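Worksheet for the structure shown next.
The values are calculated or read from the model by the stated rules, or taken from the named source; none is laboratory data. Note that the coordinates shown come from a computational prediction; the quantities given were computed from them, not determined experimentally. Ideal geometry is used to build each Cβ from the backbone, glycine not excepted, and the neighbour counts take in all protein chains shown. Only protein heavy atoms, including side chains, enter the accessible area calculation; ligands, DNA and RNA are left aside. Shrake-Rupley method; radii C 1.70, N 1.55, O 1.52, S 1.80 Å.
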Amino acid sequence: MRYYKEILIVEAIIFSIFWASNEYLATLLTFIAVPIFSSILIISLIAEKIESSKIGKLYFILMAGLALVPAIIFGVMTVINGGTSFDWGK
């Protein structure tokens, strides 16, 4: 888990590229990635409370970051674009 910062930066770059090129795909990936990584984090925290393991603190930071980065980029791009138009959903 030495490279958790680099992993989060790469994820931010990839999501930014998706938002710049294809709003539909970026929205879809955001709505999929955030719940999945949040669920993994919550399940891991529950399992850690039940039975302690040798998983380091950086794992939980990485999972929280993987859930927060797409959500933050979604919020920033929504503000920059003046709101999201879900016209592609019609």
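Brief remarks on what is shown
- Net charge of neighbours whose Cβ lies under 15 Å from the Cβ of Glu48, counting Lys and Arg as +1 and Asp and Glu as -1: +2
- The angle separating the long axis of helix 4-21 from the principal Cα axis of greatest extent in the chain is about 20 degrees.
- Compared with the rule-of-thumb size 2.2 N^0.38 Å for a compact globular protein, the chain has a Cα radius of gyration ratio of 1.25.
- Global form of the stretch 1-52, assessed from the alpha-carbon gyration tensor, a/c cut-off 1.5: oblate
- Only protein heavy atoms count here; under a 1.4 Å probe, Phe74 has an accessible surface of about 50 Å².
- Most mobile of Ala64, Ala12, Ala47 in a GNM of the chain (Cα contacts under 10 Å): Ala47
- Once the Cα atoms are used to define both axes, helix 57-80 deviates from the longest principal axis of the chain by about 10 degrees.
- Comparing Leu41, Leu29, Leu66 in a Gaussian network model of the chain where C-alpha atoms under 10 Å apart are linked, the largest mean-square fluctuation is found at Leu29.
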